[in-house]
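Let me begin by presenting the structure, written as structure tokens, before commenting on it.
The values are calculated or read from the model by the stated rules, or taken from the named source; none is laboratory data. As the structure is a prediction and not an experimental result, all values here were calculated from the model. Glycine gets a Cβ as well: all are built from the backbone with ideal geometry, and neighbour counts include every protein chain shown. Please note that ligands, DNA and RNA were not included when accessible areas were found on the heavy atoms of the full protein model with its side chains. Shrake-Rupley method; radii C 1.70, N 1.55, O 1.52, S 1.80 Å.
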Amino acid sequence: MSEDVSLKSMPKIKFPNHFLWGAATSAEQCEGRGQTGKGLTKWDLHFQSDPNQFFEKVGPEITSDFARRYVQDIALWAQIGIKAVRLSFSWARLFPDDQKPSQSAVKFYHDVLDELAEHKIKALMTLSHFDLPAWAVQVGGWSNSKVRAAFLNYASLIFREYDAKTEAFATFCEPIVETICGYMGQKCHWPLAENYQLAFNVGNGLILLHAQTVSLFKSRPRHAKIGVVLNLSPVYPRRRDHAGDRKAARAYETLHNRWMLEGMVAGKIGQPIRKLFAKLGARLELTSQNLQTIAQVKCDYLGVNYYFPTRVREPVRAKSKSGLSTLFETWKKPSARYNKSRGWEIYPRGIYRVMMRISREFPGLPFYISENGMGVANENLFRDKSGKIADFYRIDFLKSHLVWIQKALAQGAPCFGFTLWSIFDCWSWLNAYKNRYGLIEIDLPTQTRRLKQSAFWYQKIIKEGGFDV
Ligand code: BG6
């Protein structure tokens with residue numbers, strides 16, 4: 001029986017009563033500079049140095065202007081009925097010059113959290129979502145122990161100020177993305193480097209800092225939970241019976257999934273990742289004391305971001321300029337479905353694979369789907385007669401993933417919620433506002449908000465705790 005047939009024959013999809021329905025965004029992607037005197041981030045540096053790399057030369061200055069419009073925005077989110085929202089704090093806002101915290105910024109986040117509480121929306125707060133302050137990235141980012149010490153100071157302030165108003169903290173969002181995109185030749189995150197030793201140090205620096213932050217949090221009386229948000233993608237070799245493709249898939253899996261999963265959840269830097277970096281000429285520079293700290297980490301929960309599966313094959317050329325491209329090559333399966341705006345494969349079953357994997361490898365660890373969604377260009381083309389964006393493609397996308405989430409739940413996966421990406425249209429790394437992900441449309445010139453069809457659909461699901469397929 002094909003996947004489609006089995007899904008069609010399914011009855012109403014029901015979720016547990018306590019399931020946390022929500023949506024997400026992040027500080028750099030929605031706040032804008034606002035009025036609290038925010039410091040520069042790595043995105044400001046990047047934009048100042050080469051605005052042409054950003055879609056229509058739109059930088060991070062204003063974005064969705066949430067810093068000034070949060071009261072109305074949160075009221076609109078409440079109208080949809082979301083029970084939780086996943087946001088992030090901005091380090092550069094709370095510490096504009098890295099010396100002392102900005103009191104107006106401290107107040108700003110209190111005000112946002114109070115506003116959420118007023119509407120009974122739980123706050124799931126990330127400490128760092130790709131927005132390292134500019135000064136920190138200029139001194140080697142997460143590989144530098146001074147940056148890590150300053151981050152712990154920033155984390156202490158957050159825990160002291162906001163623990164009572166927060167449901168769950170996440171140390172980092174998608175740490176592997178910052179590492180690979182910034183330091184392994186992908187050239188989409190500042191400092192656009194290709195330096196494998198630095199990459200290994202940055203990734204391991206993040207793992208160490210995550211463990212230190214979790215332990216700092218747990219050393220004090222606390223209300224919230226703490227964990228991390230990882231992007232996980234099931235990896236498929238192009239040909240299952242081809243040793244070269246399987247080896248390439250293992251290398252991809254080690255680098256993209258296993259490194260952070262083992263480091264941040266299991267508390268170890270395993271042999272596979274050490275060997276992979278050894279092939280790239282990099283060695284482990286952590287001390288045995290660092291490794292002990294990492295080994296003690298204990299997350300209360302895990303956030304899982306899932307967008308697409310990854311298909312991998314043996315590299316066609318064994319030798320190339322980049323060491324990384326000798327380990328694997330990704331490829332696009334011609335018969336697969338794609339989101340043409342973003343180029344990502346649409347494979348709802350992948351979310352189930354990831355959920356079952358987490359349940360198997362970390363039995364009893366609660367997790368939630370912290371991001372999943374669809375970014376589409378030119379949504380203007382999909383307006384209905386009333387002018388509302390009728391984004392049925394997004395509804396189909398979300399529905400098909402929720403069906404597989406429910407299947408994993410039915411098989412015992414301890415998944416407690418879903419915060420789709422994103423609550424409203426937000427700015428994206430390099431793509432700026434090209435692809436829109438929101439349940440709520442933002443008209444940028446006027447900054448007006450309008451619910452899309454998907455917002456009404458989501459409202460109904462939340463109310464009814466499920467939907468018909
Ligand atoms: C996730 C990130 O990986 O993907 C978000 O956590 C991001 O910050 C989202 O916006 C969608 O990706 P993109 O590149 O299309 O914005």
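Observations
- The single condition from (1) at pLDDT 95 or above; (2) open to solvent by 10 Å² or more (accessible area, probe 1.4 Å) that residue 2 fails is (1).
- Residues that are of a type in the set (A, V, I, L, M, F, W, C) and within 16 Å of the ligand (Cβ to nearest atom), drawn from segment 220-241: 228, 229, 230, 232
- Meets criteria (within 16 Å of the ligand (Cβ to nearest atom), part of a loop (DSSP other than H, G, I, E, B), surrounded by fewer than 21 Cβ atoms within 10 Å (Cβ to Cβ) and within 18 Å of the chain's Cα centre (by Cα)) for residue 188: yes
- Applying the set (1) in a strand (DSSP E or B); (2) open to solvent by less than 50 Å² (accessible area, probe 1.4 Å); (3) within 16 Å of the ligand (Cβ to nearest atom) to residue 338 leaves exactly one unmet item: (2).
- From the list 381, 365, the one residue that fits, being within 20 Å of the chain's Cα centre (by Cα) and more than 16 Å from the ligand (Cβ to nearest atom), is 365.
- Within segment 341-366, the residues that satisfy the criterion of being part of a loop (DSSP other than H, G, I, E, B) and over 27 Å from residue 435 (Cβ atoms) are 362, 363, 364, 365, 366.
- So residue 297, is it touching a strand residue (DSSP E or B) at 6+ places or on another chain (Cβ under 8 Å) and in contact (Cβ under 8 Å) with a residue 24 or more places away in the chain: no
- Residue match in segment 85-103 (condition: in a helix (DSSP H, G or I), farther than 20 Å from residue 426 by Cα and open to solvent by 10 Å² or more (accessible area, probe 1.4 Å)): yes
- Answer from 56, 28, 115 - the residue that is part of a helix (DSSP H, G or I), charged (D, E, K, R) and buried (at least 20 other Cβ atoms within 10 Å of the Cβ): 28
- Residue within segment 133-141 that is within 16 Å of the ligand (Cβ to nearest atom) and of a type in the set (A, V, I, L, M) present: no
- Of everything listed in (1) under 25 Å from residue 214 (Cβ atoms); (2) in contact (Cβ under 8 Å) with a residue 24 or more places away in the chain; (3) out of contact with any Leu (no Cβ under 8 Å at 6 or more places or on another chain); (4) surrounded by fewer than 24 Cβ atoms within 10 Å (Cβ to Cβ), the single unmet condition for residue 158 is (3).
- Residue in segment 196-215 that is touching an Asp or Glu at 6+ places or on another chain (Cβ under 7 Å), of a type outside the set (Ser, Thr, Tyr) and farther than 23 Å from residue 325 by Cβ present: no
- Total residues in segment 331-355, condition in contact with a helix residue (DSSP H, G or I) (Cβ under 6 Å, 6 or more places away or on another chain) and under 11 Å from residue 234 (Cβ atoms): 4
- Subset of segment 161-183 that is among the small types (Gly, Ala, Ser) and under 26 Å from residue 117 (Cβ atoms) - its residue that is surrounded by the fewest Cβ atoms within 10 Å (Cβ to Cβ): 164
- When each of 129, 110 is tested for being in contact (Cβ under 8 Å) with a residue 40 or more places away in the chain, away from the ligand (no atom under 16 Å from the Cβ) and not β-branched (Val, Ile, Thr), the lone residue that passes is 110.
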